[in-house]
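Written below as structure tokens is the structure these notes are about.
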Amino acid sequence: MDDENATKMKITELRAQIERAAYDVDVEAVAEAFVSRMLAVHGALRRADVRALLGDAALHEMRLTA
């Protein structure tokens, strides 16, 4: 079985589980993971902005003072 077929089978299986509601969701864990991911993305974008505006030296200097 190739990767594409395996992926399609997994998606089909997940859709069936969702339709049956055959899973429990820890709302707190989902919210924590979501916020954590958004903070990581925000930090990465800030670093990219600093690098684009001021160059690598400024980013390095900021890391030393943090």
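Read-outs throughout are calculated quantities, based only on the coordinates presented, and are distinct from any laboratory measurement. Note that the coordinates shown come from a computational prediction; the quantities given were computed from them, not determined experimentally. Using ideal geometry, Cβ is built from the backbone for each residue, glycine included, and neighbour counts are taken over all protein chains shown.
For the reader, a short list of remarks on this structure follows.
- Condition broken by residue 19, with the remaining ones in (1) over 20 Å from the mean Cα position of the chain (by Cα); (2) surrounded by 10 or more Cβ atoms within 10 Å (Cβ to Cβ); (3) not polar (S, T, N, Q) satisfied: (2)
- Across region 4-46, the number of residues qualifying as closer than 30 Å to residue 62 by Cβ and in a loop (DSSP other than H, G, I, E, B) comes to 0.
- Residue within region 38-52 that is over 20 Å from the mean Cα position of the chain (by Cα) and surrounded by 10 or more Cβ atoms within 10 Å (Cβ to Cβ) present: yes
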